[in-house]
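A.B. asks: Mind having a look at this structure? Questions to follow.
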Amino acid sequence: MNDKNFEKKDFTAIKSNLISLGYSVNCFDNASEAVNYLDSQIDNMTVGFGGSMTLEEIGLYESLSTHNQVYWHHRIPAGTTNSEIRLKAHSSSIYISSANAIAESGEIINIDGNCNRIASLFYGHKKVYFVIGENKIEKDYDRALYRARNIAAPKNAKRVGAKTPCAINADRCYNCKSPERICKGLSVLWGKPLTGEFEIILIHENLGY
């Protein structure tokens, strides 16, 4: 984030609300600090990544993969398939994702096409980390849902070259029935699930979609 006019959002309320919902929360001024923190916390583990431009932008895979076994379908090793990597990510000890939107009141929203990411966010890992730039934060649930459907999803559809109405201008959701529609599943975490650890990493930068 190089914008000199960028004003940081106040994380006080959202951090308090997330903690009250059972999450651990850590806040960082920039992505580099967040990557260094995660690099120090995750060592010699199997790690799965969800599809995320935030994780791509901050270079977390490159840091963690030097001392962990990291599975991410954005990085498919020779001799393996996309499906194999997704399944290994799903069975990993640690899972890392971003969010399409998060409400200041604490709801975390994601939309998926294959739904591998939202499946992994609910159950099965020792610990789940959410890495979220402050551009994903909305005041309440309704605004967060709107953001996920009308901002994040169209931009992702355009990025992957989907043949959908929203991908043309990446402007809004058209609630289409296109075969390549990437909005097949919606996940909302109202609070921390009963099993496993969940940590929210909030970063004072605009990251991802």
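The values are calculated or read from the model by the stated rules, or taken from the named source; none is laboratory data. Given the structure is predicted, the values throughout are model-derived calculations rather than measurements. Reconstructed Cβ throughout: ideal geometry from the backbone, glycine too, with neighbour counts over all protein chains shown.
A.B. asks: Does region 169-197 hold any residues that are without any contact (Cβ under 8 Å) to a residue 40 or more places away in the chain and not acidic (Asp, Glu), and which are they?
C.D. replies: Within region 169-197, Asn169, Ala170, Arg172, Cys173, Tyr174, Asn175, Cys176, Lys177, Ser178, Pro179, Leu194 meet the criteria.
A.B. asks: A follow-up question, please. Scan region 60-79 residue by residue and report those that are of a type in the set (A, V, I, L, M, F, W, C) and surrounded by fewer than 23 Cβ atoms within 10 Å (Cβ to Cβ).
C.D. replies: Of all residues in region 60-79, those of a type in the set (A, V, I, L, M, F, W, C) come to 60, 64, 70, 72, 76, 78.
Ile76, Ala78, listed by residue number.
A.B. asks: If you don't mind, there's one more thing I want to ask. In region 25-72, how many are over 18 Å from Ile201 (Cα atoms) and touching a residue at least 40 places away in the same chain (Cβ under 8 Å)?
C.D. replies: 2
A.B. asks: Going through region 25-63 one residue at a time, which ones are β-branched (Val, Ile, Thr) and either in a loop (DSSP other than H, G, I, E, B) or farther than 15 Å from Arg117 by Cβ (or both)?
C.D. replies: In the first step, residues of region 25-63 are kept if they are β-branched (Val, Ile, Thr); the result is 25, 35, 42, 46-47, 54, 58.
Result: Val25, Val35, Ile42, Thr46, Ile58.
A.B. asks: Do any helices (runs of 4 or more DSSP H) lying entirely in region 122-208 carry at least 2 residues that are touching a His at 6+ places or on another chain (Cβ under 9 Å), and which ones are they?
C.D. replies: Details: elements: 141-147, 153-159, 165-169.
Fully inside region 122-208 and qualifying: nothing.
A.B. asks: Just to be sure I understand the filter: pairs with C-beta atoms under 7 Å, separated by 6 or more residues or on different chains, first member in region 91-113 and in a strand (DSSP E or B), second member aromatic (Phe, Trp, Tyr) and at pLDDT 95 or above. Which pairs pass?
C.D. replies: If the second residue must be aromatic (Phe, Trp, Tyr) and at pLDDT 95 or above, the pairs left are Ile96/Phe49; Ile96/Tyr129; Ser97/Phe130; Ala103/Tyr141; Ile108/Phe130.
A.B. asks: Name the residues in region 129-146 that are acidic (Asp, Glu) and closer than 30 Å to Met45 by Cβ, would you?
C.D. replies: Just the residues of region 129-146 that are acidic (Asp, Glu), to begin with: 134, 138, 140, 142.
Passing the criteria: only Glu134.
A.B. asks: Here is a follow-up. Regarding Gly22, is this residue under 17 Å from the mean Cα position of the chain (by Cα), under 22 Å from Gly124 (Cα atoms) and surrounded by 13 or more Cβ atoms within 10 Å (Cβ to Cβ)? Outline the logic, then answer.
C.D. replies: On the way: under 17 Å from the mean Cα position of the chain (by Cα): no; under 22 Å from Gly124 (Cα atoms): yes; surrounded by 13 or more Cβ atoms within 10 Å (Cβ to Cβ): yes.
So Gly22 fails the test.
A.B. asks: Checking Val131 against (1) aliphatic (A, V, I, L, M); (2) within 25 Å of Val70 (Cβ to Cβ); (3) out of contact with any helix residue (DSSP H, G or I) (no Cβ under 6 Å at 6 or more places or on another chain), which test does it fail?
C.D. replies: So the condition that Val131 fails would be (3).
A.B. asks: Continuing with this model, one more query. Within region 80-134, track down each residue that is surrounded by fewer than 18 Cβ atoms within 10 Å (Cβ to Cβ) and touching a Pro at 6+ places or on another chain (Cβ under 9 Å).
C.D. replies: Once the filter is applied, which keeps residues that are surrounded by fewer than 18 Cβ atoms within 10 Å (Cβ to Cβ) and touching a Pro at 6+ places or on another chain (Cβ under 9 Å), region 80-134 yields Phe122, Tyr123.
A.B. asks: Search region 121-144 for residues that are without any contact (Cβ under 8 Å) to a residue 60 or more places away in the chain and pair each with any residue that is crowded, with 20+ Cβ neighbours inside 10 Å and part of a helix (DSSP H, G or I) when their beta-carbon atoms are under 6 Å apart and the residues are at least 6 apart or on different chains.
C.D. replies: Final answer for the pair search is Glu138/Ala144; Glu138/Arg147.
A.B. asks: Okay, next question. All but one of (1) under 25 Å from Val160 (Cβ atoms); (2) exposed (fewer than 14 other Cβ atoms within 10 Å of the Cβ); (3) not hydroxyl-bearing (Ser, Thr, Tyr) hold for Asp29; state the number of the condition that does not hold.
C.D. replies: (1)
A.B. asks: Among Ser40, Ser65, Ser52, which is at pLDDT 95 or above, in contact with a helix residue (DSSP H, G or I) (Cβ under 9 Å, 6 or more places away or on another chain) and among the hydroxyl-bearing types (Ser, Thr, Tyr)?
C.D. replies: Values: Ser40 fails: in contact with a helix residue (DSSP H, G or I) (Cβ under 9 Å, 6 or more places away or on another chain); Ser65 fails: in contact with a helix residue (DSSP H, G or I) (Cβ under 9 Å, 6 or more places away or on another chain).
Sole residue among the options that is at pLDDT 95 or above, in contact with a helix residue (DSSP H, G or I) (Cβ under 9 Å, 6 or more places away or on another chain) and among the hydroxyl-bearing types (Ser, Thr, Tyr): Ser52.
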